[in-house]
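Down below is the structure, laid out as structure tokens.
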Amino acid sequence: MKNNQTETAKPGAATPHLSDSGKQFQAFGTVVEMPNGLSKKLCTQSVSSLNAILADTITLRDLYKKHHWQVAGPTFYQLHLLFDKHAEGQNELVDALAERIQLLGGVSVAMAGDVSEMTRIERPPSGREPVTMQLSRLLKAHEIVLKAAHKAASEADDGGDHGTNDLLASRLIPANEFQSWFVSQHLVEVPGAEETHGSAKRSAA
């Protein structure tokens, strides 16, 4: 009986061939014309605004993650969960912004080094901070994003880029307003709260 023989593979045939000298086919900051019914000038304007907001949104997402890991104190549990939930919400906005930029023919900012150069949000220290400082940083970051988003949404609407306007006005702005509201309420001094807390501690003792 004749044995089935397989052809011997050439040496190195299964080895991945990595490319280390390819050229990028679209530079960051450029916009190619897409069949989207919008002028290249308008797309370029929207891409520029969206990339700035994207850099800030990535930074805000990472700021939430930093505080999620480093939060401490009596409110640890609820803030630990809240910060993580908000980070997930910001991550969804990151994807939506990046996809819109690509749809318009642009190149979305992506890497940490590029984001850090573009973002308008102040860089926090590497170490842990008090809860009030963490919350204040988040509120300032949300305000930066919201101011830029309101401006970009108006410009997109005036120019006829209704898709960008819809993304900002219907998704990004409401999401940031909602998260900002949740965060801000942790900094409200409720009259009588300290007395009630003190009484509870004395009763427990």
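The values are calculated or read from the model by the stated rules, or taken from the named source; none is laboratory data. Since the structure is predicted, the reported quantities are computational estimates derived from the model, not experimental observations. Note that we place each Cβ from the backbone using ideal geometry, even for glycine, and neighbour counts take in every protein chain shown. Keep in mind that these areas ignore ligands, DNA and RNA; they rest on the heavy atoms of the full protein, side chains included. Shrake-Rupley method; radii C 1.70, N 1.55, O 1.52, S 1.80 Å.
Structural remarks
- Selected residue (criterion: surrounded by the fewest Cβ atoms within 10 Å (Cβ to Cβ)) from residues of the range 127-158 that are under 23 Å from Phe28 (Cα atoms) and small (Gly, Ala, Ser): Ala148
- Residues of the range 140-155 satisfying the condition of being over 17 Å from the mean Cα position of the chain (by Cα) and small (Gly, Ala, Ser): Ala153, Ser154
Let's see how each residue does on (1) hydroxyl-bearing (Ser, Thr, Tyr); (2) part of a helix (DSSP H, G or I); (3) farther than 15 Å from Gln179 by Cβ:
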{"site": "Ser21", "(1), (2), (3)": "yes, no, yes"}
{"site": "Gln24", "(1), (2), (3)": "no, no, yes"}
{"site": "Asn36", "(1), (2), (3)": "no, no, yes"}
{"site": "Cys43", "(1), (2), (3)": "no, yes, yes"}
{"site": "Trp69", "(1), (2), (3)": "no, yes, yes"}
{"site": "Gly73", "(1), (2), (3)": "no, no, yes"}
{"site": "Glu99", "(1), (2), (3)": "no, yes, yes"}
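- Matching option when the condition is in a helix (DSSP H, G or I) and either over 17 Å from Arg171 (Cα atoms) or touching a Ser or Thr at 6+ places or on another chain (Cβ under 6 Å) (or both), among Asp95, Asp62: Asp62
- Scanning the range 100-126 for residues that are more than 24 Å from Ser46 (Cα to Cα) and either among the hydroxyl-bearing types (Ser, Thr, Tyr) or open to solvent by less than 40 Å² (accessible area, probe 1.4 Å) (or both) yields Pro124, Ser126.
Yes/no matrix, rows are residues, columns are (1) of a type in the set (S, T, N, Q); (2) modelled with pLDDT under 95:
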{"residue": "Leu138", "(1), (2)": "no, no"}
{"residue": "Asp161", "(1), (2)": "no, no"}
{"residue": "Asn176", "(1), (2)": "yes, no"}
{"residue": "Ser180", "(1), (2)": "yes, no"}
{"residue": "Val183", "(1), (2)": "no, no"}
{"residue": "Val190", "(1), (2)": "no, yes"}
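- Number of the condition not met by Ser48 [criteria: (1) assigned to a helix (DSSP H, G or I); (2) closer than 23 Å to Ser126 by Cβ]: (2)
- Of all residues in the range 7-33 being of a type outside the set (A, V, I, L, M) and open to solvent by less than 70 Å² (accessible area, probe 1.4 Å), the one that is modelled with the lowest pLDDT: Gly12
- Of the criteria (1) touching a residue at least 60 places away in the same chain (Cβ under 8 Å); (2) buried (at least 20 other Cβ atoms within 10 Å of the Cβ); (3) closer than 18 Å to Gln185 by Cβ, which one Phe83 fails: (1)
- Counted residues, the range 42-79 - those being open to solvent by less than 50 Å² (accessible area, probe 1.4 Å) and either of a type outside the set (A, V, I, L, M) or touching a strand residue (DSSP E or B) at 6+ places or on another chain (Cβ under 8 Å) (or both): 14
- Those residues of the range 86-97 which are small (Gly, Ala, Ser), touching a residue at least 40 places away in the same chain (Cβ under 8 Å) and open to solvent by less than 20 Å² (accessible area, probe 1.4 Å), in sequence order: Ala96
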